[in-house]
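> Sharing a structure below in structure tokens format, with a few things to ask.
The values are calculated or read from the model by the stated rules, or taken from the named source; none is laboratory data. Everything quoted here is computed from the prediction, not taken from an experiment. Glycine also receives a Cβ, built like all others from the backbone with ideal geometry; neighbour counts cover every protein chain displayed. Side chains are part of the model used for accessible areas, which takes the heavy atoms of the whole protein and leaves out ligands, DNA and RNA. Shrake-Rupley method; radii C 1.70, N 1.55, O 1.52, S 1.80 Å.
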Amino acid sequence: MTKDTERIEREIEAARARLASTLDELAVRADPQRIADETKHIVVAKLNEPKLKYSLIGAAALVGGLILLKIFR
């Protein structure tokens, strides 16, 4: 009986340790500041790709030109 109790206590402690580790990992993954920083770095890296960068500049120039044309017509 004592061995069963000790085994159960060891299993409970092991489960608690795994749960604590999982909770710590979830806390790191769900940190809003970390998520925002990673997203910002991904977006900035994507926007610095020449193909996308120059396409956006061209689209902005076209929209700006159309707005000026509409205003001064």
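> Measure nothing fancy, just the Cα-based angle from helix 2-29's long axis to the longest principal axis of the chain, in degrees from 0 to 90, nearest 10.
Result, in degrees: 10.
> Heavy atoms of the protein only, probe of 1.4 Å, neighbouring chains included. What is the accessible area of R34 in Å², nearest 10?
It works out to around 70 Å².
> Comparing V63, V43, V28, which has the greatest mean-square fluctuation in the GNM of the chain with Cα pairs linked when under 10 Å apart?
In this elastic network of the chain, the residue with the biggest mean-square fluctuation among V63, V43, V28 is V63.
> Still on this structure: Expressed as an acute angle from 0 to 90° and rounded to the nearest 10, what is the orientation of the C-alpha long axis of helix 32-47 relative to the principal long axis of the chain?
Compared with the principal axis, the helix lies near 40 degrees.
> Could you give the length gained on full extension between A36 and E9, defined as 0.36 nm per residue of separation minus the Cα-Cα distance, in nm?
Full extension from A36 to E9 adds 5.6 nm.
> Got a sec? Charge dipole of the chain, +1 on Cβ for Lys and Arg, -1 for Asp and Glu; which of A27, L69, N48 is way out at the positive end?
L69
> So what's the projected area for the chain, the Cα convex hull averaged over all directions, in nm²?
Across all orientations, the chain yields a mean hull projection of 8.4 nm².
> What angle, in degrees between 0 and 90 and rounded to the nearest 10, separates the Cα long axis of helix 50-72 from the longest principal axis of the Cα atoms of the chain?
50 degrees
> Per residue, how much accessible area does the range 1-71 have with a 1.4 Å probe, in Å²?
90 Å²
> Separate question: Could you give the size of the charge dipole of the range 1-44 about its Cα centre, using +1 on the Cβ of each K and R and -1 on the Cβ of each D and E, expressed in debye and rounded to the nearest 20?
80 debye
> Per-residue ellipticity at 222 nm for the chain, helices alone: DSSP H runs ≥ 4 residues times -39500 (n - 2.57), over residue total, nearest 500 deg cm²/dmol?
Rounded to the nearest 500, it is -32000 deg cm²/dmol.
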